[in-house]
Amino acid sequence: MLEFSKLQISDIGRLRPFIRSGNTRVCNNTVGSIFMWRDYFSTEYAIWGDSVIFKVKARHDDIDTMFSIPLGGDYISGTDKVNEYCHGHNIPVVYYALTENDLEPLRSIYSSHELFSDDDWGDYVYNASDLITLAGRKYSGKRNHINQFKKDNPDYSFEEITSANFAEVRDFYDELSRDLVFTSKTASEDHDKTLEVLSNYEAYAPLGGLLRTRGSVVAFSAGDIIGDMLFVHIEKADTLFRGAYQVINNEFAKHFASDGILFINREEDEGDLGLRFSKNSYHPVEITRKYIFIVL
């Protein structure tokens, strides 16, 4: 039977190969998302053969526990082990964060099931080339903000975040968030785990970039690549610098969305109307719908 262990930062190196081999299309199955939200979802993991399976506490109605699809090796064997575990613990079999493509193999395994989805969970996916070039009238507003930032800050630079400068990024975010008031549990958790990433940067080992002007950091972003998709997990900027968000977005895409990267995933809006407006303003090619799969 599967044996689950509490997920810790120290597990990143061990689990990263399983996660990346899953060739996921959703942010939920990336190193950044899994580890940054592990406390919020009380995440545990079990390794079975060449697969890792995650178990989380559900935040949906009467469901208490949910499982990821097996990431890595034998899909069928992995689901068999989930069945065995759930039967042994007298709990329903429930999978989370499934795309349309994930549903087909599960339907072949479980003939009787129920699906649940929510608009707040959708991942915003963009053509990488769109966010790199910002070409056409639909991006004229973004280009205007970028041009204003460059005019106001002619000495600006974009740098990769490394062991030599991540302390500066951490100090910048400490100052930026000093007076923030969090109106939701998810906003507070996002803040805490952003600090955690910056304090454990070498363990997380994300792709990171910072924006600097007048010698100081004014924005940064961090993410990961799986397959042909660049995932953006963190993006923070000082809004006193007009256009800083647009510039870090564009520079991060230009720097990391190369060598076969076709898409950029900027994750969910979680029902935040401000985030929803911002993410839609970059004209996604898809808002990937995700499902909970409940076996009946």
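The values are calculated or read from the model by the stated rules, or taken from the named source; none is laboratory data. No experiment lies behind these values; they were computed from the predicted model shown. A quick note on method: Cβ atoms are made from the backbone with ideal geometry, for glycine too, and the neighbour counts reach across all protein chains shown. Side chains are part of the model used for accessible areas, which takes the heavy atoms of the whole protein and leaves out ligands, DNA and RNA. Shrake-Rupley method; radii C 1.70, N 1.55, O 1.52, S 1.80 Å.
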Within segment 98-142, the count of residues that are open to solvent by less than 10 Å² (accessible area, probe 1.4 Å) and of a type in the set (G, A, S) comes to 2
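For segment 178-221, name all the residues that are charged (D, E, K, R) and on the phi > 0 side of the Ramachandran plot. Steps first, please.
Within segment 178-221, the first condition is being charged (D, E, K, R), and the residues that meet it are 178-179, 185, 189-190, 192-193, 196, 202, 212, 214.
R214 - this is the single residue of segment 178-221 that is charged (D, E, K, R) and on the phi > 0 side of the Ramachandran plot.
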Residues being hydrophobic (A, V, I, L, M, F, W, C) and either open to solvent by less than 20 Å² (accessible area, probe 1.4 Å) or over 21 Å from I294 (Cα atoms) (or both): count how many of those fall in segment 59-76. 4
I'm told D224 meets every condition in (1) touching a residue at least 60 places away in the same chain (Cβ under 8 Å); (2) outside any strand (DSSP E or B); (3) of a type in the set (D, E, K, R) except one. Can you identify the failing condition by its number? (2)
Residue list for segment 241-286, restricted to those being open to solvent by 80 Å² or more (accessible area, probe 1.4 Å) and closer than 13 Å to D120 by Cβ: E270, L273
Per the list (1) closer than 14 Å to Y245 by Cα; (2) open to solvent by less than 60 Å² (accessible area, probe 1.4 Å), residue check on I226 breaks on (1)
Take segment 191-200 and flag every residue that is free of Cβ contacts under 8 Å to residues at least 40 places away in the same chain and buried (at least 16 other Cβ atoms within 10 Å of the Cβ). L198
Quick one: would you say T79 is surrounded by fewer than 21 Cβ atoms within 10 Å (Cβ to Cβ) and at negative phi? no
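Modelled with pLDDT of 95 or more and in contact with a helix residue (DSSP H, G or I) (Cβ under 7 Å, 6 or more places away or on another chain), is that true of A135? Steps first, please.
Working: modelled with pLDDT of 95 or more: yes; in contact with a helix residue (DSSP H, G or I) (Cβ under 7 Å, 6 or more places away or on another chain): no.
No.
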Scanning segment 269-296 residue by residue, those in a loop (DSSP other than H, G, I, E, B) and touching a helix residue (DSSP H, G or I) at 6+ places or on another chain (Cβ under 6 Å) turn out to be D269, E270, G271, H283, K290
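Just give me the residues in segment 269-279 being more than 17 Å from D118 (Cβ to Cβ) and at pLDDT 95 or above, in sequence order. Steps first, please.
Quick first cut of segment 269-279, residues more than 17 Å from D118 (Cβ to Cβ) only: 274, 277-278.
Once the filter is applied, which keeps residues that are more than 17 Å from D118 (Cβ to Cβ) and at pLDDT 95 or above, segment 269-279 yields F277, S278.
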Being among the hydroxyl-bearing types (S, T, Y) and under 15 Å from the mean Cα position of the chain (by Cα) narrows it down to one residue among T213, T194, T239; which is it? T194
Total residues in segment 273-296, condition closer than 27 Å to R107 by Cα, in contact with a Leu (Cβ under 9 Å, 6 or more places away or on another chain) and not hydrophobic (A, V, I, L, M, F, W, C): 2
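Looking at F54, F35, F41, F18, can you tell me which residue is buried (at least 16 other Cβ atoms within 10 Å of the Cβ), hydrophobic (A, V, I, L, M, F, W, C) and in a loop (DSSP other than H, G, I, E, B)?
Working: F54 fails: in a loop (DSSP other than H, G, I, E, B); F35 fails: in a loop (DSSP other than H, G, I, E, B); F18 fails: in a loop (DSSP other than H, G, I, E, B).
Every option except F41 fails the conditions.
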Residue list for segment 151-190, restricted to those being modelled with pLDDT of 95 or more, within 21 Å of T30 (Cα to Cα) and open to solvent by less than 30 Å² (accessible area, probe 1.4 Å): I161
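Looking at R38, R25, which is the one that is modelled with pLDDT under 95 and charged (D, E, K, R)? Talk me through it step by step, then tell me what you get.
Numbers: R38 fails: modelled with pLDDT under 95.
None of the others qualify; the one that does is R25.
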Scan segment 137-163 for residues that are part of a helix (DSSP H, G or I) and touching a Lys or Arg at 6+ places or on another chain (Cβ under 8 Å) and report the count. 4
Hey, L211 farther than 24 Å from R20 by Cα, in contact with a Lys or Arg (Cβ under 7 Å, 6 or more places away or on another chain) and either surrounded by fewer than 20 Cβ atoms within 10 Å (Cβ to Cβ) or not β-branched (V, I, T) (or both) or not: no
Of the residues I225, I261, I234, I248, only one is more than 21 Å from N28 (Cα to Cα) and of a type in the set (V, I, T); which? I248
